[in-house]
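K.L.:
This structure is in structure tokens; I'll ask about it shortly.
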């Protein structure tokens with residue numbers, strides 16, 4: 001009876017050394033067309049569409065033969081709190097001279113609460129804190145120990161800009177995490193502020209006003225627990241008028257904030273905010289499926305493939321098309337992972353492979369953050385996270401974007417895979433939009449796991465990839481997706497050429513096998529900021 005067992009073990013070992021399995025287009029297209037259909041109602045967090053998506057994914061995981069979690073299910077609980085601002089809320093600003101400004105909510109100012117309270121009334125002074133950053137490694141502190149407890153902080157998006165004397169401060173012209181809106185709100189909470197208002201400009205945020213406006217118009221979520229009493233954005237013209245009412249010039253204070261000796265500025269303004277919100281507690285789920293490793297020793301280590309399943313769902317208050325279908329963002333990644341899993345179960349690698357569909361990415365990385373807090377696999381045994389988000393839908397390329405991989409040994413592994421596929425790695429470009437901090441892999445990076453968003457064709461938004469055919473046309477189509485990003489127009493089209501998406505999925509799976517079969521786990525490059533960050 002031992003001979004068949006030995007033969008099976010030998011067969012599994014041979015499979016682990018064989019070429020990675022092939023990702024097929026047919027299942028990828030089928031999953032994508034269904035997940036982006038109106039039937040799934042935009043896969044909204046806390047909505048029926050989200051529940052349908054989780055049910056679909058766990059069913060597909062079982063059908064494909066992925067192994068469940070230790071409790072026998074494919075679900076990992078994510079407890080979240082939903083908040084939606086109701087009509088009748090007010091944001092009013094008063095200056096010392098008696099001047100009052102009441103900007104219009106939605107078009108001139110965005111406000112919301114993460115306090116968990118249905119009724120919030122605030123009367124608090126405004127303080128300008130520059131970029132709102134505390135970065136010891138940059139010898140930078142915008143707070144200078146000033147007590148801002150109970151105050152509303154006004155700050156700029158992005159990082160302090162490079163100078164002739166310091167061309168590489170805060171990564172030069174690239175974004176760092178200190179520039180992201182998430183960090184700004186997190187730091188305001190740590191400082192004990194009543195809230196924070198971010199000054200929006202398209203260049204500094206890397207997206208137009210419609211992106212935060214759409215987010216604040218929908219129900220917003222965060223993991224259950226404490227949050228800022230007030231979070232929001234100011235149109236640049238609105239901020240300029242407010243500063244002027246307090247006797248300050250916005251541009252002058254911006255210039256001052258580029259210096260290390262900048263100190264917080266009392267804007268001589270008081271904000272009166274009345275927020276009525278609908279609050280609810282929800283339970284969402286990450287979906288997790290496992291392909292156990294074939295090597296007796298290395299199977300205790302894992303590589304993760306991730307792609308968030310959620311989009312913006314249905315807005316019942318919007319006229320016309322009110323379903324945010326999210327075909328590219330991120331039905332593409334969800335479908336790709338399903339097609340990749342279908343291939344991977346037939347040919348295990350040495351290390352374990354984990355297919356993770358996180359919840360709530362669009363609302364602030366809820367699912368990936370919850371996974372890091374309670375990982376299905378030990379983080380110190382997780383070699384890498386390879387994330388897919390908003391994939392290439394226009395055609396095959398001769399190169400592949402690996403922005404962020406250069407932070408770790410994943411860059412060398414990606415180079416090996418690219419050469420084997422007859423491809424090249426796309427040239428590195430400055431991360432001007434903070435793309436590295438805008439997808440679920442970043443939750444893993446913060447926890448010390450080497451990670452990046454594979455492909456980055458749509459995320460980069462520049463279309464600068466080497467297409468096999470119709471370079472000008474395909475680059476233009478990729479750039480034009482900015483008009484569909486986070487809009488109901490992000491819909492599936494049956495005439496899409498998905499060869500590039502399949503290529504991207506195949507590269508990701510091949511890279512996963514390269515990582516899963518490597519002699520050692522992946523490591524951060526010496527000195528990288530995230531190499532020291534652990535859970």
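The values are calculated or read from the model by the stated rules, or taken from the named source; none is laboratory data. Computed from a predicted structure; not experimentally measured. Note that we place each Cβ from the backbone using ideal geometry, even for glycine, and neighbour counts take in every protein chain shown.
K.L.:
What number of residues in region 87-121 are under 31 Å from the mean Cα position of the chain (by Cα), part of a strand (DSSP E or B) and buried (at least 20 other Cβ atoms within 10 Å of the Cβ)?
P.N.:
Qualifying residue count for the region: 7.
K.L.:
So if I check each of 60, 15, which one is modelled with pLDDT under 95 and either assigned by TED's automatic domain parsing to the domain that holds residue 517 or surrounded by 14 or more Cβ atoms within 10 Å (Cβ to Cβ) (or both)?
P.N.:
Working: 60 fails: modelled with pLDDT under 95.
Result of the check over 60, 15: 15.
K.L.:
When you go through (1) at positive phi; (2) surrounded by 16 or more Cβ atoms within 10 Å (Cβ to Cβ) one by one for residue 491, which number turns out not to apply?
P.N.:
Just one mismatch for residue 491, condition (1).
K.L.:
Okay, next question. Consider residue 83 against the criteria (1) over 23 Å from residue 269 (Cα atoms); (2) within 24 Å of the chain's Cα centre (by Cα); (3) not in a strand (DSSP E or B): it satisfies all of them except one. Which criterion is unmet?
P.N.:
With respect to (1) over 23 Å from residue 269 (Cα atoms); (2) within 24 Å of the chain's Cα centre (by Cα); (3) not in a strand (DSSP E or B), residue 83 is out only on (3).
K.L.:
Given the criterion in contact with a strand residue (DSSP E or B) (Cβ under 9 Å, 6 or more places away or on another chain), assigned by TED's automatic domain parsing to the domain that holds residue 515 and crowded, with 19+ Cβ neighbours inside 10 Å, identify the matching residue among 332, 383. Steps first, answer last, please.
P.N.:
Numbers: 332 fails: in contact with a strand residue (DSSP E or B) (Cβ under 9 Å, 6 or more places away or on another chain).
Only one candidate passes the filter, namely 383.
K.L.:
Still on this model: Can you say whether residue 32 is more than 30 Å from residue 272 (Cβ to Cβ) and in contact with a helix residue (DSSP H, G or I) (Cβ under 8 Å, 6 or more places away or on another chain), as far as the supplied structure shows? Spell out how you get there, then give the answer.
P.N.:
Numbers: more than 30 Å from residue 272 (Cβ to Cβ): yes; in contact with a helix residue (DSSP H, G or I) (Cβ under 8 Å, 6 or more places away or on another chain): yes.
Judged against the criteria, residue 32 is a match.
K.L.:
Right, here's the next one. Just to be sure, is residue 444 out of contact with any helix residue (DSSP H, G or I) (no Cβ under 6 Å at 6 or more places or on another chain), in contact (Cβ under 8 Å) with a residue 40 or more places away in the chain and in the same structural domain as residue 509 (by TED's automatic domain parsing)? Steps first, answer last, please.
P.N.:
Numbers: out of contact with any helix residue (DSSP H, G or I) (no Cβ under 6 Å at 6 or more places or on another chain): yes; in contact (Cβ under 8 Å) with a residue 40 or more places away in the chain: yes; in the same structural domain as residue 509 (by TED's automatic domain parsing): yes.
So residue 444 fits the description; yes.
K.L.:
Which of (1) on the phi < 0 side of the Ramachandran plot; (2) out of contact with any strand residue (DSSP E or B) (no Cβ under 9 Å at 6 or more places or on another chain); (3) surrounded by fewer than 16 Cβ atoms within 10 Å (Cβ to Cβ); (4) in contact (Cβ under 8 Å) with a residue 60 or more places away in the chain is the odd one out, the single condition residue 167 does not satisfy?
P.N.:
Answer for residue 167: the failing condition is (4).
K.L.:
Checking the conditions here, which among 476, 451 is in the same structural domain as residue 360 (by TED's automatic domain parsing) and crowded, with 23+ Cβ neighbours inside 10 Å?
P.N.:
Numbers: 476 fails: crowded, with 23+ Cβ neighbours inside 10 Å.
After ruling out the rest, the residue left standing is 451.
K.L.:
Among (1) on the phi < 0 side of the Ramachandran plot; (2) at pLDDT below 90; (3) surrounded by 22 or more Cβ atoms within 10 Å (Cβ to Cβ), there is one condition residue 535 misses while meeting the rest; what is its number?
P.N.:
With (1) on the phi < 0 side of the Ramachandran plot; (2) at pLDDT below 90; (3) surrounded by 22 or more Cβ atoms within 10 Å (Cβ to Cβ) applied to residue 535, the lone miss is (3).
K.L.:
Checking the conditions here, which among 28, 52 is in the same structural domain as residue 315 (by TED's automatic domain parsing), surrounded by 14 or more Cβ atoms within 10 Å (Cβ to Cβ) and closer than 20 Å to residue 498 by Cβ?
P.N.:
Details: 52 fails: closer than 20 Å to residue 498 by Cβ.
Answer to the check: 28.
K.L.:
Has region 157-174 got any residue that is modelled with pLDDT of 90 or more, more than 20 Å from residue 435 (Cα to Cα) and not in a loop (DSSP other than H, G, I, E, B)?
P.N.:
No; the residues of region 157-174 include none that is modelled with pLDDT of 90 or more, more than 20 Å from residue 435 (Cα to Cα) and not in a loop (DSSP other than H, G, I, E, B).
K.L.:
Looking only at region 131-140, decide whether some residue is in contact (Cβ under 8 Å) with a residue 60 or more places away in the chain and more than 22 Å from residue 434 (Cβ to Cβ). Walk me through how you get there before you give the answer.
P.N.:
The initial filter retains those residues of region 131-140 that are in contact (Cβ under 8 Å) with a residue 60 or more places away in the chain, namely 131-132, 137, 139-140.
Pick out the ones that are also more than 22 Å from residue 434 (Cβ to Cβ) and you get none.
The answer is no, given that none of the residues of region 131-140 is in contact (Cβ under 8 Å) with a residue 60 or more places away in the chain and more than 22 Å from residue 434 (Cβ to Cβ).
K.L.:
Give region 255-276 a look and list any residue that's surrounded by fewer than 22 Cβ atoms within 10 Å (Cβ to Cβ), part of a strand (DSSP E or B) and at negative phi, or say none.
P.N.:
265, 266, 270, 272, 274, 276
K.L.:
How about region 256-297: which of its residues are more than 27 Å from the chain's Cα centre (by Cα) and more than 23 Å from residue 151 (Cβ to Cβ)?
P.N.:
Passing the criteria: 292, 293, 294, 295, 296, 297.
K.L.:
Let me ask something else about it. Anything in region 335-369 that is farther than 21 Å from residue 32 by Cβ and within 14 Å of the chain's Cα centre (by Cα)? List them, or say none.
P.N.:
Matches in region 335-369: 363, 364, 365, 366, 368, 369.
K.L.:
For region 98-119, how many residues are out of contact with any helix residue (DSSP H, G or I) (no Cβ under 7 Å at 6 or more places or on another chain), closer than 22 Å to residue 239 by Cβ and in contact (Cβ under 8 Å) with a residue 24 or more places away in the chain?
P.N.:
Of all residues in region 98-119, those out of contact with any helix residue (DSSP H, G or I) (no Cβ under 7 Å at 6 or more places or on another chain) come to 98, 100, 102, 104-105, 107, 111, 113-119.
Right, trim to closer than 22 Å to residue 239 by Cβ and you get 98, 100, 102, 104-105, 107, 111, 113-114.
Okay, now just the ones that are also in contact (Cβ under 8 Å) with a residue 24 or more places away in the chain, so 107, 111, 113-114.
Of the residues in region 98-119, 4 are out of contact with any helix residue (DSSP H, G or I) (no Cβ under 7 Å at 6 or more places or on another chain), closer than 22 Å to residue 239 by Cβ and in contact (Cβ under 8 Å) with a residue 24 or more places away in the chain.
K.L.:
Any residue in region 309-324 that is in a helix (DSSP H, G or I), in the same structural domain as residue 46 (by TED's automatic domain parsing), closer than 19 Å to residue 386 by Cβ and in contact with a strand residue (DSSP E or B) (Cβ under 8 Å, 6 or more places away or on another chain)? Spell out the reasoning first.
P.N.:
Taking region 309-324 first, the residues in a helix (DSSP H, G or I) are none.
No, region 309-324 contains no residue that is in a helix (DSSP H, G or I), in the same structural domain as residue 46 (by TED's automatic domain parsing), closer than 19 Å to residue 386 by Cβ and in contact with a strand residue (DSSP E or B) (Cβ under 8 Å, 6 or more places away or on another chain).
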